[in-house]
2 protein chains.
Amino acid sequence: MVKPTTQELEFINSCRVGRLATVDEERRPHLIPVCYVFSGGIFYTPIDNKPKRAKPSRLKRMRNISANPNVAVVIDRWSEDWERLGYVFVSGRADIISTGGEYRRSLGLLEAKYPQYERMNLGGLGLPVIKIVPDRLVSWGALGG
Amino acid sequence: MVKPTTQELEFINSCRVGRLATVDEERRPHLIPVCYVFSGGIFYTPIDNKPKRAKPSRLKRMRNISANPNVAVVIDRWSEDWERLGYVFVSGRADIISTGGEYRRSLGLLEAKYPQYERMNLGGLGLPVIKIVPDRLVSWGALGG
């Protein structure tokens, strides 16, 4: 578990998209943009209902996490003014959750952050959530507004 | 080597930032936002002169590539209108280049894409460039403007 500073926390909570990296059995990375929430020191990112290349359990990120729970997330802000660039990087271990109180709570937080999810009914579809417990957090650049 | 469609190529060339994932010897991923150019089927991303946590050869991405050349890049566009989301994902092998014609040509392309680099004098500082030859390209979503 890591403890972000107030500024890191505000940056994490204000950003709308992160990128999640996983690693396969051949030590090759995979990465994709993800929606996420951060709560109680833990990241939650859903397998949502946007069109996908495979059903949830066959998705590359899910197969990678099953074989190797080490993951990383970067949340960054781009600007043409490079004095305003900033990012938060976390690495940690991932679990898949799809039932229980923590699962339902994470869906509620995701729906509160992303109105787009209210129409999707993630929980009703039984779609899993990737839970990431960070063991390292690094930030860089200008995190302030 | 992969051959992007015209639409994939336009998307890659129009985006300003990508995210690069590398993998360390413990099979843990690392990832960071990167500036890049794509030319002749190859990605080039510089170790530029923005403030860094370490000198070039000690940067995590460089140590990871030395131990394991498997890398991935995702280039994506975020929108609150999820009908407009899109990304291009590539995986491939990375090399470090810091001399020669291909190196100097990549610096010229980077300076042409990013006016910010003109002030940095990447080549004069001898800063290396990560060269990525993709062996797989996947795109998703709405790549068109």
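Bear in mind these aren't lab numbers, they're just calculated from the coordinates by the rules spelled out. Source: prediction; values computed, not measured. Cβ atoms come from the backbone with ideal geometry, glycine included; neighbour counts cover every protein chain shown.
Summary table
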| read-out | value |
| --- | --- |
| Efficiency of FRET between B:Asn49 and A:Ser39 - r from beta-carbon atoms, R0 51 angstrom, step 0.05 | 0.85 |
| Normalised contact order of chain A, rounded percent, pairs of Cα under 8 Å and 6 or more residues apart | 31 |
| Shape category assigned to segment B:20-88 from the gyration tensor of Cα positions, a/c cut at 1.5 | prolate |
| Neighbourhood charge, 13 Å Cβ-Cβ cut-off, centred on A:Gly86 and excluding it, Lys, Arg +1 and Asp, Glu -1 | -2 |
| Distance from segment B:52-102 to segment B:108-144 (C-alpha centre basis), Å | 10 |
| Neighbourhood charge, 11 Å Cβ-Cβ cut-off, centred on A:Gly123 and excluding it, Lys, Arg +1 and Asp, Glu -1 | +1 |
| Loop sites in segment A:52-114: GluC sites (Glu not before Pro), DSSP, at most 15 other Cβ within 10 Å | A:Glu80 |
| Segment B:18-120: chymotrypsin sites (Phe, Trp or Tyr not before Pro) falling in loop per DSSP and having at most 11 other Cβ within 10 Å | none |
| Per-residue Cβ neighbour rank within 10 angstrom, fewest leading, B:Val37, A:Val71 | B:Val37, A:Val71 |
| Above-threshold pairs, the threshold being 23 Å between Cα atoms, out of A:Lys60/B:Lys55; B:Lys50/B:Lys131; A:Lys60/B:Lys131 | A:Lys60/B:Lys55; A:Lys60/B:Lys131 |
| Loop-located trypsin sites (Lys or Arg not before Pro) in segment B:48-145 whose Cβ has at most 14 other Cβ within 10 Å (DSSP) | B:Lys52, B:Arg53 |
| Label distances, nm, A:Arg104 versus same residue in remaining copies, Cβ-directed 7 Å point | 6.7 |
| Value of Rg to Rh for chain A (Rh from inverse mean 1/r over Cα pairs, i.e. Kirkwood) | 0.96 |
| Label geometry 7 Å along the beta-carbon vector: B:Lys55 inter-copy distances in nm | 5.5 |
| Label distances, nm, B:Ala67 versus same residue in remaining copies, Cβ-directed 7 Å point | 1.9 |
| Pair B:Asp135, B:Glu10: separation of 7 Å Cα→Cβ label points (nm) | 3.2 |
